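Participant: Have a look at this one.
The values are calculated or read from the model by the stated rules, or taken from the named source; none is laboratory data. Since we're looking at a predicted model, the values are computed, not measured. Here the Cβ positions follow ideal geometry from the backbone for every residue, glycine too, while neighbour counts run over all protein chains shown.
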Amino acid sequence: MTKFITVTLAATFGLAVAAYADGAAPTLPPASTKTGVTYATDIKPIFDVACLKCHDSKKPKQAAKLSLDTLEGALKGSKDGKVIIPGNSTKSDLVLSVAHVGDPDTFMPKGKKAVPLTPEQIGLIRAWIDQGAK
């Protein structure tokens with residue numbers, strides 16, 4: 001029985017690795033088709049609910065020193081550098097983190113009560129960044 005379980009797990013793991021090696025890794029939701037997306041109107045409400053518990057400039061020990069409560073803070077980035085590349089959502093670490101693409105250690109939001117962003121919210125963030133992150 002133990003040998004069967006080990007072989008099954010190895011085979012399953014091998015298939016999963018092969019799938020990722022073939023480019024079947026998780027993909028980003030498409031950018032929203034909404035035009036004129038702005039931080040103040042469209043993005044801050046998402047950040048208020050999903051991100052500001054940890055990424056608020058008023059908190060002295062905020063995660064990665066990333067402040068998302070203002071446009072300026074979001075564009076400044078974290079202690080590790082910029083997380084938003086205006087005009088390029090697919091290369092923006094913020095999008096990859098909230099879409100759960102790439103390194104699982106960077107997935108956001110975190111915490112037991114954290115609720116992942118919806119594909120629509122991620123799409124709106126992508127549209128905002130692709131439109132210049134204004």
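Participant: Given the structure, is ALA64 crowded, with 20+ Cβ neighbours inside 10 Å, over 12 Å from ARG126 (Cβ atoms) and small (Gly, Ala, Ser)?
Facilitator: The answer is no for ALA64.
Participant: Of the residues that sit in segment 42-58 and are closer than 20 Å to LYS112 by Cα and free of Cβ contacts under 8 Å to residues at least 24 places away in the same chain, which one is surrounded by the most Cβ atoms within 10 Å (Cβ to Cβ)?
Facilitator: Top of the filtered list is HIS55.
Participant: Specify the residue that is surrounded by the fewest Cβ atoms within 10 Å (Cβ to Cβ); the eligible residues are those in segment 83-132 that are modelled with pLDDT of 95 or more and basic (Lys, Arg).
Facilitator: Going through the qualifying residues, I end up with LYS91.
Condition check ((1) touching a helix residue (DSSP H, G or I) at 6+ places or on another chain (Cβ under 6 Å); (2) outside any helix (DSSP H, G or I)) across all residues:
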site	(1), (2)
GLY73	no, no
ILE85	yes, yes
LEU94	no, no
SER97	yes, no
ASP105	no, no
MET108	yes, yes
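Participant: To continue, here is another question. Hey, can you tell me all the residues within segment 51-71 that are at pLDDT below 95 and part of a helix (DSSP H, G or I)?
Facilitator: Of everything in segment 51-71, those that are at pLDDT below 95 and part of a helix (DSSP H, G or I) turn out to be ALA63, ALA64, LYS65.
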